[in-house]
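To keep things clear, I will list the structure first and then write my remarks on it.
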Amino acid sequence: MAAESSSAAAMVEELTLTVKWSGKEYTVRVCGDDSVAELKRRICEVTNVLPKRQKLLYPKIGNKLADDTVILSQLPLKSSLKMTMIGTVEDDIIVDPVDDPEIVDDFELGQDEAVEIKDKEVNKMKLKRRVDQYKIKLRNPCRVGKKLLVLDIDYTLFDHRSTAENPMQLMRPYLHEFLTAAYTEYDIMIWSATRFDIFPYIPVLTYYGCKFPSYKLNYVFLCSMKWVELKMGELGVLSNPNYKITALLDHLAMITVQSDARGIFDCKPLGLIWAHFPEHHHQVNKRLLLVSQFYSKKNTIMFDDLRRNFVMNPQNGLTIKPFRKAHANRDSDQELVKLTEYLLAIAELDDISTLDHSKWKYYAEDGLKRRRHA
């Protein structure tokens, strides 16, 4: 029993580490239950060196920091010792695309395993820390009485791997019509899992003062939130007069969880959003003041092409068909048209978390038939 208590304490212990890089020292805070991948993410926040470009050196632990899946509590880290990081910042430099392989494989988590991950105390604590660390910047006010729609970007709204002379050619069909219709009933937030990504466009590009020739394909690295803003700006999502985006979130809002069967992976905990916008006050009359929550599991739905991204909130996630090979599929993809019907059909419900969103197509079809015969 004492051994178990000691192990649990090590898992939640917060460590303040000093990282030496490029002649300067940086302070990062992590916990024992974090992985090496999370440590690299924290270092990236203060140095802008990509996690995959970091080589971490620490006394007497050999190459264990090279394994991103290692949990920090398993290593003899001490706040009194300094860590050295070797790595180079890659702001807006051209790289070989082979160096940044695409990861599209998803995996199916069993219901019991998903519930176990969601209910683990260690993951709840990670979420609490992320709520404290990550601040959501509102682009437009939350609206009283509206539900919340959270959207992924890559392969959900945009084919980020195909090449095109114009980014609009990679946009999912009916995107603006979908967002316009959804906005009548939902506030909209966009949450990208992209850490640092490449910009695959062919013509002359001029971003942040850098020009690139049109005779070859160029890949340009941009930081995560800049990339989110750039992608949404290029697609006209941030300036469309028919709807407004409430907020943008990037990969730094995600947390790392561990599955016994699937290992360590990142996910998007909706509890982060719910915690940031807990309540609003509505004055009914001089004597009655109602206090309600803006967003909760009852009124939130998230679309993502990767199921694992909503493992902390499986009852709120809908797995959307990925939009790939835009040039070949642009004329036939109807996913957003059908999902518009579903969103509008369930908007009248008090609690949408009770639905099985994996059966959304049947619900949308039944709703459409009811409206036709009404």
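The values are calculated or read from the model by the stated rules, or taken from the named source; none is laboratory data. Computed from a prediction, not measured in an experiment: that's the story for all the values here. Glycine gets a Cβ as well: all are built from the backbone with ideal geometry, and neighbour counts include every protein chain shown. Ligands, DNA and RNA are stripped out before the accessible areas are found, and what is left, the full protein with its side chains, is counted by its heavy atoms. Shrake-Rupley method; radii C 1.70, N 1.55, O 1.52, S 1.80 Å.
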Next on the checklist: Looking at (1) in a loop (DSSP other than H, G, I, E, B); (2) at pLDDT 85 or above; (3) open to solvent by less than 60 Å² (accessible area, probe 1.4 Å), which one does Thr194 not meet, given that it meets all the others?
Outcome noted: (2)
Next on the checklist: Condition first: over 18 Å from Asp331 (Cβ atoms) and not in a loop (DSSP other than H, G, I, E, B). Now tell me which residues in the range 134-166 satisfy that.
Outcome noted: Leu138, Lys147, Leu148, Leu149, Val150, Leu151, Asp154
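Inside the range 176-191, can you point out the residues that are open to solvent by less than 30 Å² (accessible area, probe 1.4 Å) and touching a strand residue (DSSP E or B) at 6+ places or on another chain (Cβ under 8 Å)? Give the steps one after another, and end with the answer.
Initially, the range 176-191 is screened for residues open to solvent by less than 30 Å² (accessible area, probe 1.4 Å), giving 178-179, 181-182, 186-191.
Listed by number, the residues that qualify are Leu179, Ala182, Tyr186, Asp187, Ile188, Met189, Ile190, Trp191.
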Checklist entry - Name the residues in the range 63-77 that are part of a helix (DSSP H, G or I), of a type in the set (A, V, I, L, M, F, W, C) and under 15 Å from Arg29 (Cα atoms), would you? => result Leu72
Item to check | Enumeration of residues in the range 90-129 that are of a type in the set (A, V, I, L, M, F, W, C), modelled with pLDDT under 80 and either over 20 Å from Gln258 (Cβ atoms) or open to solvent by less than 70 Å² (accessible area, probe 1.4 Å) (or both) | outcome: Ile93, Ile94, Val95, Val98, Val104, Phe107, Leu109, Ala114, Val115
Item to check | Residue count, the range 130-165 (criterion: open to solvent by 20 Å² or more (accessible area, probe 1.4 Å), farther than 24 Å from Lys244 by Cβ and either among the aliphatic types (A, V, I, L, M) or over 16 Å from the mean Cα position of the chain (by Cα) (or both)) | outcome: 6
Checklist outcome for this item: Of the residues in the range 232-247, those that are open to solvent by less than 10 Å² (accessible area, probe 1.4 Å) and out of contact with any Phe, Trp or Tyr (no Cβ under 6 Å at 6 or more places or on another chain) come to Met232, Leu235, Val237, Ile245, Thr246, Ala247
Checklist outcome for this item: Residues of the range 18-62 being of a type outside the set (Asp, Glu), open to solvent by less than 30 Å² (accessible area, probe 1.4 Å) and assigned to a loop (DSSP other than H, G, I, E, B), in sequence order, are Gly32, Val49, Leu50, Gln54, Tyr58, Ile61
Checklist entry - So which residues in the range 41-71 are modelled with pLDDT of 90 or more and either among the β-branched types (Val, Ile, Thr) or within 23 Å of the chain's Cα centre (by Cα) (or both), if there are any at all? => result Gln54
Next on the checklist: Exactly one condition in (1) modelled with pLDDT of 95 or more; (2) more than 29 Å from Lys297 (Cβ to Cβ) is false for His327; which is it?
Outcome noted: (1)
Checklist entry - Can you name every residue in the range 248-269 that is surrounded by fewer than 20 Cβ atoms within 10 Å (Cβ to Cβ) and outside any strand (DSSP E or B)? => result Leu252, Asp260, Ala261, Arg262
Item to check | Restricting the range 314-334 to residues that are within 21 Å of the chain's Cα centre (by Cα) and either closer than 29 Å to Met168 by Cα or of a type in the set (A, V, I, L, M, F, W, C) (or both), the residue that is surrounded by the fewest Cβ atoms within 10 Å (Cβ to Cβ) | outcome: Lys321
